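Let me begin by presenting the structure, written as structure tokens, before commenting on it.
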Amino acid sequence: MPDFPTCADELSLGWLQDQLSRIYPGSILEAFSLETIGIGQGFMGQLVRIQLNYQTHQVDLPESIIAKFASPKPETRDLAAKMNYYGREIGFYRDFRSAPGIAIAACFANEYDPETNHFVLLLEDLAPATPTDQVEGNSDSESERVITEFAELHSYWWNSESLLETSWTQSLVGTQPISETLELFLDSMRQAEETQRFAAYPEMQRLIPMLRPLFRMEPPPPFPFTLVHGDLRSDNIFFPRNGKGDFKVIDWQCAGIGQPMTDITRWMTQSISVEQRRKTEHHLLKLYHRQLVKNGITNYSYKSMLNEYKLNLVVTLLMFSMSMDDIDQSSERAAPLFHAMYSRLDAALVDWEVEKILRILPYLIPFMKLSTWIKTKLARPTP
């Protein structure tokens, strides 16, 4: 069994004192109280706010912190184990907390037991900053801020060899053997037919069966590559409120090596209303590309970026085609949130004529592998 708390009920005064003393020497914790948060925002774990009361009175002591634990649902933990979601986030806060290239919550403790797939994170409480309402969708100015910040992150880690030196950063694509992925896809297809999960989203329902040939092929490695968040959506971005708080990014369970457009496509198709995306999409993509060029990324043309954006629409469709039954969707907010994400992706698939891409993609993949190999040999990754 893990030698750390695996749920809120196992938190103790002594364990919290030990963790805080490492960062705030001389602090003496007197009592604490708990408040469950994040219901309907996160689906792979549990979050609680810990209110802290001290005997000592130091200026910099946090009044509250956030504890994050594995999901109580065994099936969700099994999915997390297959994709190494928990190991990724623990690795991120362990290895990249000092210089990730983007503002993140401070981490006070991170413990992980790979045998049971339980973990605990103690993180900075970002209040009064808050996420925006993903169901409602983000404003133009909020999207511009996110796009700019992630251009900074991606530039920082662009083709960085240091990403190749840690095991947890491996790409989510190809994490499982092809045979297992195909089996999971076919199971998901059967479940979707039984539940009519995509009946309200005609383009998704029509295109998902066309994904089947892709599950029989080894995908090419991402290139150019960078550190991607992997789940870039409104619920994971904290914005200042009334001039208070800071812009920071949370939930790094899907982080790893990936194409830069992985994050940008997720944001465009999950966090912006269909009308706003159609109005601002090219503006935001050009903003992102300009920021890359400003940061010295000059061997990545706008045309290449657009092609990768289209390919990542396929990847996003692939992600949603897989079974969602192992993700905790018990909250009232889950249904409208997934409807918003599905309907936005459905519209983007039509707008970008993704069917044409799917029809030729099985024939293109061998050439993409060769192209990636050539680019890798010619490139000089940055340290």
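Every number in this text was worked out from the coordinates using simple rules, so none of it is lab data. Everything quoted here is computed from the prediction, not taken from an experiment. Heads up, the Cβs are rebuilt from the backbone with ideal geometry, glycines too, and the neighbour counts pull from every protein chain shown.
Taking 0.36 nm per residue of sequence separation and removing the Cα-Cα distance, the T148/D113 pair yields an extension gain of 9.0 nm.
Round to the nearest 0.05 the FRET efficiency obtained for R94 and E161 when R0 = 22 Å and r is the Cβ-Cβ distance. Computed FRET efficiency for R94 and E161 comes out at 0.70.
For the pair D133 and A81, the difference between a 0.36 nm per residue extended length and the Cα-Cα distance amounts to 15.8 nm.
As a rough footprinting exposure proxy, the listed residues C7, C107, C254 were ranked by other beta carbons within 10 Å of their own, and the order from fewest upward is C7, C107, C254.
One chain, two ends: N242 and L186. Fully extended at 0.36 nm per residue, the span grows by 15.3 nm beyond their Cα-Cα distance.
Neighbour counts of C-beta atoms inside 10 Å place K279, K244, K68 in the sequence K244, K279, K68, starting with the fewest. Take the Cα of I28, step 7 Å toward its Cβ, do the same at L287, and the gap between the two points is 5.1 nm.
Whole-percent P(r), segment 8-124, all Cα pairs, 5 Å bins from 0: 2, 10, 21, 22, 20, 15, 8, 3, 1.
Sorting the segments 75-87, 200-212 by their residues' average number of neighbouring beta-carbon atoms within 10 angstrom, most packed first, yields 75-87, 200-212. When the listed pairs K82/K248; K68/K244; K279/K356; K286/K310 are checked against a 26 Å cut-off, the alpha-carbon distance exceeds it for K82/K248.
Neighbour counts of other C-beta atoms within 10 Å: give me V293, V274 arranged from fewest to most.
V293, V274
Over the chain, dividing the summed -39,500 (n - 2.57) contributions of all DSSP H runs of at least 4 residues by the number of residues returns a 222 nm mean residue ellipticity of -14500 deg cm²/dmol.
Restricting the calculation to Cα atoms, segment 244-354 yields a radius of gyration followed by a Dmax of 15.4, 46 Å.
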